[in-house]
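The structure appears right after this line, and notes come after that.
Read-outs: derived from the displayed coordinates by stated rules, not from any lab. Everything quoted here is computed from the prediction, not taken from an experiment. Because the Cβ atoms are built from the backbone with ideal geometry, glycine has one as well, and the counts that use them run over all protein chains shown.
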Amino acid sequence: MMGFLAKVRLLWHIFLHKDAPWSVKLLLLAGFFYLIFPLDVIPDHIVLAGWVDDVALAILMYILALKYTPEKLISKILDHKKHRDEQQKDRPQ
């Protein structure tokens, strides 16, 4: 199971990958701007309820991005990350 930061990194690598579908890139970009834009469907100053729409959107964005990104591309990104992590682990410090 992936942690939060690993999921964010995966979405980032999907967004940057040249073979990722444009629809997924547009989804991630729109979701990112919604999260940082000060005007929300439910304003953030309404405690708890204001954060619910942000969290729900982030979860939905993650699910849809994975659903519409080819599995081969996701595997390629994760394999590359695993290989890079193994190289860093083997490197003397």
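Could you run the Karplus curve 6.51 cos²θ - 1.76 cosθ + 1.60 with θ = phi - 60° over region 10-15 and give me ³J(HN,Hα) per residue in whole Hz, x for Gly and Pro?
Taking θ as phi minus 60°, the curve returns 4, 4, 4, 5, 4, 4 Hz for region 10-15.
For the cross-link pairs Lys18/Lys67; Lys7/Lys67; Lys25/Lys82; Lys67/Lys89, which exceed 20 Å when the distance is taken from alpha carbon to alpha carbon?
On the way: Lys18/Lys67 18 Å; Lys7/Lys67 14 Å; Lys25/Lys82 23 Å; Lys67/Lys89 31 Å.
Violating the 20 Å limit, Cα to Cα: Lys25/Lys82; Lys67/Lys89.
Could you tally the net charge around Arg9, taking each other residue with its Cβ under 15 Å from the Cβ of Arg9, Lys/Arg +1 and Asp/Glu -1?
Values: positive: Lys7, Lys76, Lys81, Lys82, Arg84; negative: Asp79, Asp85.
That works out to +3.
Per DSSP H run of at least 4 residues, take -39500 (n - 2.57); add these up for the chain, divide by its residues and hand me the 222 nm value, nearest 500 deg cm²/dmol. It would help to have the intermediate numbers written out before the result.
Working: 4 runs with 68 residues, N = 93.
Helices in the chain give a 222 nm mean residue ellipticity of -24500 deg cm²/dmol.
Under a straight-distance cross-link criterion of Cα-Cα below 20 Å, which aspartates and glutamates are reachable from Lys81, leaving out those fewer than 8 residues away in the same chain?
Hits, sequence-local ones excluded: Asp19, Glu71, Asp90.
Using P(r) over Cα pairs in 10 Å bins from 0, in percent as the read-out, say which of (1) 16, 27, 22, 22, 11, 2; (2) 14, 40, 27, 14, 4, 0; (3) 14, 39, 17, 11, 10, 6, 2 was calculated from these coordinates.
After the calculation, the listed value that fits is (2).
Between Leu66, Leu28, Leu48, where does the largest GNM mean-square fluctuation fall for the chain, given springs only between Cα atoms within less than 10 Å?
Per the Cα network of the chain with a 10 Å cutoff, Leu48 tops the list.
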